[in-house]
1. Got a sec? Which of 389, 339 is buried (at least 20 other Cβ atoms within 10 Å of the Cβ), at pLDDT 95 or above and farther than 30 Å from residue 46 by Cβ?
2. Take the residues in region 89-139 that are in a loop (DSSP other than H, G, I, E, B) and in contact with a strand residue (DSSP E or B) (Cβ under 7 Å, 6 or more places away or on another chain); name whichever of them is farthest from residue 59 (Cα to Cα).
3. Condition first: under 20 Å from residue 327 (Cα atoms) and touching a strand residue (DSSP E or B) at 6+ places or on another chain (Cβ under 6 Å). Can you find one or more residues in region 58-73 that meet it?
4. Give just the number: which of (1) surrounded by fewer than 20 Cβ atoms within 10 Å (Cβ to Cβ); (2) farther than 23 Å from residue 287 by Cβ; (3) without any contact (Cβ under 8 Å) to a residue 60 or more places away in the chain does residue 221 not satisfy?
5. In the set 165, 120, 182, which member is modelled with pLDDT of 95 or more and more than 26 Å from residue 254 (Cα to Cα)?
6. Out of (1) buried (at least 19 other Cβ atoms within 10 Å of the Cβ); (2) in contact with a helix residue (DSSP H, G or I) (Cβ under 9 Å, 6 or more places away or on another chain); (3) touching a residue at least 24 places away in the same chain (Cβ under 8 Å); (4) not in a loop (DSSP other than H, G, I, E, B), the odd one out for residue 364 is which?
7. Taking interchain pairs and intrachain pairs at least six residues apart, which have beta carbon atoms under 6 angstrom, with the first residue in region 271-286 and within 12 Å of residue 310 (Cα to Cα) and the second in a strand (DSSP E or B)?
């Protein structure tokens, strides 16, 4: 797209927004400094490098067999760099423990920072932060459907020790990169059919988590987060780590709370939970995804809920208390394209929220002028925010519009096809 068209369209849009009291330059500056944590597992269908031939478990499924999935850390990082080149603004990478870079097999309770040293050096080169997750699935000691709430003390201790070493790795990321690593704990624990004792597993989980996070880390290096789920495949009747469990845990233990857009009842949305949780919990982690009929983790679209999530963050000035991460995996399409589409859509939704006439709308609502509120909200949908987005991409050296797609196709033909 020609520079003169991009800049002239932006100047016209800037004038339109100025009439509403919205500073487009300030909005772009805020967008540029708000990182989106891109998830590593889209690049290889959640297989990792511990035992990549082991089948997924814990209620996780990646469907499709698109050619070119990354098979090594080097390939995965190269694919991420391709995605970075097409995504403007600030990025992070979210790693799972099974994405270690080691020539020898390492058991999960024996992981050390050295097994992720190559990731840190790469992150320094890319000038990005790293986030982390212990991996409590796809392992023989998770085959019973229980990990941190397992009735066998030895099995439970294995997973406690895994979380402990992962926290040390996460803090290592934060110290080396100068930005806190948010480490999210999600477990698949639950039962497929009618449950007799719902209390005992939750008592065990509470005690296990308390032990696992007992070592204190400075939050400028490491932040703990816990993530609930409504149900999973193989845990349809009962999930130990329910929303109520983790809400209470985060509020009483001072951890962050992860809200995943696909982990609630289909009639619930996390956009409605953000402000309520913010009253009691100091830090929120969001897993932005697109559930289709439930937690199917489709590529993030520029849909109503994605826009609503970003509006809630911006309208209530929660940018410093909310970490935005992505969580989806689609093996039926080009995996790099999935990253690009999903991340750019999250950024578009955030920019559109930043371009709202927030002060005017709040004044109208507080004075019970609901006519003005509705009129401005509806008119705002057709404001030329997309011209600001194009200009933001151009200004930050990222492709404008669909110009990124031929670049992905070329990489697919020259690199992915050879794998």
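1. Numbers: 339 fails: farther than 30 Å from residue 46 by Cβ.
So the residue among 389, 339 that is buried (at least 20 other Cβ atoms within 10 Å of the Cβ), at pLDDT 95 or above and farther than 30 Å from residue 46 by Cβ is 389.
2. As a first pass, look at region 89-139 and keep what is in a loop (DSSP other than H, G, I, E, B): 89-90, 100-107, 111-112, 127-128, 134-139.
With in contact with a strand residue (DSSP E or B) (Cβ under 7 Å, 6 or more places away or on another chain) added as a condition, the list becomes 128, 134-135.
Numbers: 128: 31, 134: 16, 135: 13 Å.
Among residues in region 89-139 that are in a loop (DSSP other than H, G, I, E, B) and in contact with a strand residue (DSSP E or B) (Cβ under 7 Å, 6 or more places away or on another chain), the one farthest from residue 59 (Cα to Cα) is 128.
3. yes
4. (2)
5. Details: 165 fails: more than 26 Å from residue 254 (Cα to Cα); 182 fails: more than 26 Å from residue 254 (Cα to Cα).
After ruling out the rest, the residue left standing is 120.
6. Failing condition for residue 364: (3).
7. From region 271-286, the pairs are 286/259; 286/324.
This table checks each residue for (1) modelled with pLDDT of 95 or more; (2) out of contact with any helix residue (DSSP H, G or I) (no Cβ under 8 Å at 6 or more places or on another chain); (3) within 30 Å of residue 340 (Cβ to Cβ); (4) not in a helix (DSSP H, G or I).
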{"position": "246", "(1), (2), (3), (4)": "yes, yes, no, no"}
{"position": "252", "(1), (2), (3), (4)": "yes, yes, no, no"}
{"position": "267", "(1), (2), (3), (4)": "no, yes, no, yes"}
{"position": "286", "(1), (2), (3), (4)": "yes, no, yes, yes"}
{"position": "300", "(1), (2), (3), (4)": "yes, no, yes, yes"}
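The values are calculated or read from the model by the stated rules, or taken from the named source; none is laboratory data. What you are looking at is a predicted structure, and each value in this text was computed from that prediction instead of being measured. Quick reminder, even Gly has a Cβ in these numbers, built from the backbone with ideal geometry, and neighbours come from all protein chains shown.
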